[in-house]
1. Would you mind stating whether Thr26 is of a type outside the set (Asp, Glu) and modelled with pLDDT under 90?
2. Looking for something over 18 Å from Ile315 (Cα atoms) and at pLDDT 90 or above - is there at least one such residue anywhere in the range 168-182?
3. Specify which of the listed residues (Ser97, Ser134) is modelled with pLDDT under 90 and not hydrophobic (A, V, I, L, M, F, W, C).
4. List every residue pair whose Cβ atoms sit under 8 Å apart, with the two residues 6 or more apart in sequence or on different chains, where the first one lies in the range 41-67 and is in contact (Cβ under 8 Å) with a residue 24 or more places away in the chain and more than 18 Å from Arg92 (Cβ to Cβ) and the second, anywhere, is surrounded by 15 or more Cβ atoms within 10 Å (Cβ to Cβ) and of a type in the set (S, T, N, Q).
5. Residues that are buried (at least 18 other Cβ atoms within 10 Å of the Cβ) and at pLDDT 90 or above: list the helices (runs of 4 or more DSSP H) wholly contained in the range 185-268 that include at least 3 such residues.
6. Name the pairs: first residue in the range 183-195 and more than 13 Å from Arg248 (Cβ to Cβ), second residue modelled with pLDDT of 90 or more, Cβ to Cβ under 8 Å, at least 6 apart or on different chains?
7. Filter the range 279-289 down to the residues that are touching a residue at least 24 places away in the same chain (Cβ under 8 Å), surrounded by 19 or more Cβ atoms within 10 Å (Cβ to Cβ) and of a type in the set (A, V, I, L, M), then identify the one that is nearest to Thr167 (Cα to Cα).
Amino acid sequence: MLFRRLQTVPRALVLAVLALGVLLATPHDRVAAHAALAASDPADGAVVPLPPARVTLTFTEPVDARLSSIEVTTTEGRRVDRDDLAVQEGGRRATVSLAPLERGTYIVDWKNVSTVDGHPLSGRFAFHVSERSSDALVSKGAPTFPSRLEPPARFLLDGGLLILAGTLGVIATAVRPPRRDAVAWEAPLNRLALAAAGLALAGAALQLAAQTSATGAAPMDVLSGRWGTAYVTRVVDVGLAIALILMRRPRLALVPMAVALATLAATSHGMAVRGLAAPAVIADGLHLAAVALWVGGLPAVLLLVWKHRGDRAEIAATLRRFSTLALIAAGV
């Protein structure tokens, strides 16, 4: 039987799967998610003796000025800001100037879109000039959660990218059939890679729809910032990978796929780590590459085992090579 002859090889695969379970079960330090409000001037609930000339908000992540806003109104709903939002400190601080204020209570409504992950957030607070003139409760507001399309979009996009990159990695590193059988061995893997690319593109389309829905902005505005640049780069790279696969150059397709995975790392929360953004993004990129190689490569290996189960010697060699790669990747 095949599995008796490959007794030591599946053991390595089992170890790799167990390593994944340990990785997923291990608690990780929480990171600041999205561009949350870290501080404000005036502060929430503050009673200031003199009318402020501006409202300043400081966020935990840089915000996109084109997709963000600060509105200051009276309790009756009359706007008193000059609608001149400006950002400083790399986008972490946003200000808006105010018209001359009278005594009373003023409500600040803000919304933003993080340039790191593209997620929107909103909130509300109040401050008072000279005296607290209103006892009405001011709602703190609620986060603007991503569209309902976001979860399936990320599932399709991330899953498609990981399987696509993993399949190409298996072709490049683990599959070495005799030259006469190369086409027969690689053909099903190429079809799997193309199917994964289709999933990734479907996820990308849903992601753009989700982003425009969550932010209320036009698609071109959404694509104009850092998130949009990463998005367009990712889609183009998947397109290049498809072209290379159709040209029977799947190993070369690893190059655009590496760039596509890098765009995911570039829009991770590692970009928000002050002073350590580059190391954090590099670590995220290495982690994604490792996950793609062994988790994303598993469907390709299982497909090979099924399609070529009669060629025991070559399957054994392929599994040994993949198991070694998987164990190395699991340690990244």
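1. Values: of a type outside the set (Asp, Glu): yes; modelled with pLDDT under 90: yes.
When the stated conditions are applied, Thr26 passes them.
2. Going through the range 168-182, the residues over 18 Å from Ile315 (Cα atoms) turn out to be none.
No, that holds for no residue.
3. Numbers: Ser97 fails: modelled with pLDDT under 90.
Selected residue: Ser134, the only one of Ser97, Ser134 that is modelled with pLDDT under 90 and not hydrophobic (A, V, I, L, M, F, W, C).
4. So the pair list comes out as Ala53/Ser97.
5. On the way: elements: 219-222, 226-246, 254-266.
Passing ranges, in order: 226-246, 254-266.
6. Taking only residues 6 or more apart or on different chains, the pairs are Leu192/Ile163; Leu192/Thr167; Leu192/Pro299.
7. First pass over the range 279-289, keeping only residues touching a residue at least 24 places away in the same chain (Cβ under 8 Å): 285-289.
Of the ones still in play, those that are also surrounded by 19 or more Cβ atoms within 10 Å (Cβ to Cβ) are 285, 288-289.
Now drop any that are not of a type in the set (A, V, I, L, M), which leaves 288-289.
Details: Leu288: 14, Ala289: 12 Å.
Filtering first and then ranking leaves Ala289.
The values are calculated or read from the model by the stated rules, or taken from the named source; none is laboratory data. What you see is a predicted model, and the numbers here were worked out from it, not measured in a lab. All Cβ positions, glycine included, derive from the backbone under ideal geometry; neighbour counts span all protein chains shown.
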